[in-house]
Every structure is written in structure tokens, then in C-alpha cells.
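To keep things clear, I will list the structure first and then write my remarks on it.
The values are calculated or read from the model by the stated rules, or taken from the named source; none is laboratory data. Note that this is a predicted model, so its numbers are computed, not measured. A quick note on method: Cβ atoms are made from the backbone with ideal geometry, for glycine too, and the neighbour counts reach across all protein chains shown. Note: areas computed on protein heavy atoms with side chains; ligands, DNA, RNA excluded. Shrake-Rupley method; radii C 1.70, N 1.55, O 1.52, S 1.80 Å.
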Amino acid sequence: MRQAGRVRADYYRNSDGNCVHRPSDNPSGATAICKDGSYSYSQHRSGTCSGHGGVRTWL
């Protein structure tokens, strides 16, 4: 389901149109750990941790 409106700076709109939290240092709800140590909340494997060195570990 697509969500309308603006996305906060700490979120991005994924390929499904959903707002997803950008990688951060908070592990709560994360789906992967990026190679730079940040946590990703990606809903799809494609593009996860791009700009953060790629995926170190899937959670």
C-alpha cells in the first residue's frame, strides 16, 4: 500500500512506497547490520545498506 505525503529526514520511501527508517545505531526492529556497523530496517534485500558498505549480517 502506498503512503502519501512527505517522508521525515530519518526515513526513506522504499520500492513499495512505504516509509522505512534509514540505517541508524538503534538495533530495535532492524533487519540487517551494515558493514559500517549501522542497523538497517529494509523490507527488501535489494539495496539494503547501500551507502553503508553493504550487508554484514542479516537479522
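Restricting attention to the range 1-48, the residues that are modelled with pLDDT under 85 and among the aliphatic types (A, V, I, L, M) add up to 4. Restricting attention to the range 12-43, the residues being open to solvent by 70 Å² or more (accessible area, probe 1.4 Å) and either in contact with a Leu (Cβ under 9 Å, 6 or more places away or on another chain) or not charged (D, E, K, R) (or both) number 5.
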